[in-house]
1. In the range 185-198, is there at least one residue being assigned to a loop (DSSP other than H, G, I, E, B), farther than 21 Å from G136 by Cβ and without any contact (Cβ under 8 Å) to a residue 12 or more places away in the chain?
2. Within the range 264-276, identify whether any single residue is surrounded by fewer than 15 Cβ atoms within 10 Å (Cβ to Cβ) and acidic (D, E), and answer yes or no.
3. So, in the range 295-328, of the ones that are part of a helix (DSSP H, G or I) and among the basic types (K, R), which residue ends up farthest from the chain's Cα centre (by Cα)?
4. Filter the range 231-257 for residues that are within 17 Å of the chain's Cα centre (by Cα) and within 21 Å of A42 (Cβ to Cβ); which is surrounded by the fewest Cβ atoms within 10 Å (Cβ to Cβ)?
5. Do any strands (runs of 3 or more DSSP E) lying entirely in the range 226-294 carry at least 3 residues that are touching a Lys or Arg at 6+ places or on another chain (Cβ under 6 Å), and which ones are they?
6. Given the conditions (1) surrounded by 15 or more Cβ atoms within 10 Å (Cβ to Cβ); (2) of a type in the set (K, R); (3) at pLDDT 75 or above, report the number of the one that R366 does not fulfil.
7. Any chance the range 190-200 includes a residue that's surrounded by fewer than 17 Cβ atoms within 10 Å (Cβ to Cβ), under 18 Å from A228 (Cβ atoms) and within 20 Å of the chain's Cα centre (by Cα)?
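The values are calculated or read from the model by the stated rules, or taken from the named source; none is laboratory data. These figures come from a predicted structure and were not determined experimentally. All Cβ positions, glycine included, derive from the backbone under ideal geometry; neighbour counts span all protein chains shown.
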Amino acid sequence: MASFSFVHAADLHLGSPLAGLAARDPAMAARFGDATRQAVSALVTRTIELDARFLVIAGDVYDGPWPDNSVGLFFNREMARLGRAGIPVFVLRGNHDAESVVTKSVTLPDNVATFDTRKPQTHVIGDLRVALHGQGFADRQVTENLALSYPPALAGHLNIGVLHTSLTGRPPHADYAPCSLNDLLSKGYDYWALGHVHAHEIVHPDPPVVFPGNIQGRSIRETGAKGAVLVNVEDGAIATVERLIVDEARFARVEVDATGADDLAALLRAAETAIGEVLQAGEGRPLALRVRLSGRSSLRGWALANRATLTDEIGNLCGHLAAEAWLEKLQLDLHAEAEAAPLVAGDAALDLGALIEEAASDGELRAEAQRQLALLAGKLPGGLVDPAAPFGEDLDALLAEARLLLAERIAEGGRA
């Protein structure tokens, strides 16, 4: 029986607009947009260097409809590189590049085979005695269990199932082509090449059922190393499954403990240490950093009142520490060192703290505040905010922040 290796990738998402990044920093968005294509090129280069016999892509080659043919032409050019190296490619459509979604096309290179979207289809590689079974998405929302219709294993062959699926659910990914692990194992295949979930996961070790994850992070929800998997076959059986990291830029979270920092200089020193550690782990890749300041600090009120200034300072620090490090977002989770003082104005006849607390308990005012927040969030570019908490906090936390902000403004007035 043959011994060889193949590469399993998924979720390339070519053409992803990165709207959230573009709203924050166009230069950062452009760099990460380039990284997606660079990751595809790196995937192809590594597949050739490792002498893999074929490449499987389990859905979402494209992020959606092409704005123009350049996206398809780029993919074809990279697949043609594999063709010149004698490496076939097997591509399955997912929810983002379903047949009804991506309707433009350019003729694929001869080494690229696709899976039918109407019924399961089997591709056989004769010299390797490999059978690949799969069905792509005809429409974006596929709610039926496609795996149940996959054919039995082909005797005398290494059988690989290719499927774009959420399995029994992998939030926040939509539940498309749902199925159970037992549904997959019942087919008797030697390997399941899955797509749709952007985190790397070996769902089952033997036979391997694998999500390789996406090859390039696209938001702060997709941190850490990204890539594909290299599957090694010995004597006709799966021997090992190894991660194949090909990402060209990364998102990362930075936790900064601001406890004891009593001025901006001390706060920036703490941030510099934490950011430096994350940059080192990034191995020289461009990084989009979400920095979270936490701990008990006397700077809490000042930080809330001067968020824009602090954001600029942290962003400036990122740029000083590395040529391609950007501040993706600053999160303030600081706590006061002592209980907040009563919030009053003028001769203390006006108790602003009491007014805020009264407003916070008024049902009609809360409902209107929620409505206004939702309207504001709806005007922001897609991908810039989390719909569940568009401004990072719930209403009670925002009201508490407003109280601190007022306190700082009043204190500033008293110091003037």
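1. Yes - at least one qualifying residue is present in the range 185-198.
2. no
3. Here is the first cut: in the range 295-328, the residues part of a helix (DSSP H, G or I) are 300-305, 307-321.
With among the basic types (K, R) added as a condition, the list becomes 300, 307.
Working: R300: 31, R307: 26 Å.
Checked the range 295-328; the qualifying residue farthest from the chain's Cα centre (by Cα) is R300.
4. Across the range 231-257, the extreme among qualifying residues is I245.
5. Once the strands (runs of 3 or more DSSP E) in the range 226-294 are filtered for at least 3 residues that are touching a Lys or Arg at 6+ places or on another chain (Cβ under 6 Å), what remains is 250-257.
6. (3)
7. Yes, because at least one residue in the range 190-200 is surrounded by fewer than 17 Cβ atoms within 10 Å (Cβ to Cβ), under 18 Å from A228 (Cβ atoms) and within 20 Å of the chain's Cα centre (by Cα).
Okay, residues lined up against (1) under 28 Å from the mean Cα position of the chain (by Cα); (2) among the small types (G, A, S):
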{"position": "R77", "(1), (2)": "yes, no"}
{"position": "R81", "(1), (2)": "yes, no"}
{"position": "G94", "(1), (2)": "yes, yes"}
{"position": "K104", "(1), (2)": "yes, no"}
{"position": "A113", "(1), (2)": "yes, yes"}
{"position": "T117", "(1), (2)": "yes, no"}
{"position": "A131", "(1), (2)": "no, yes"}
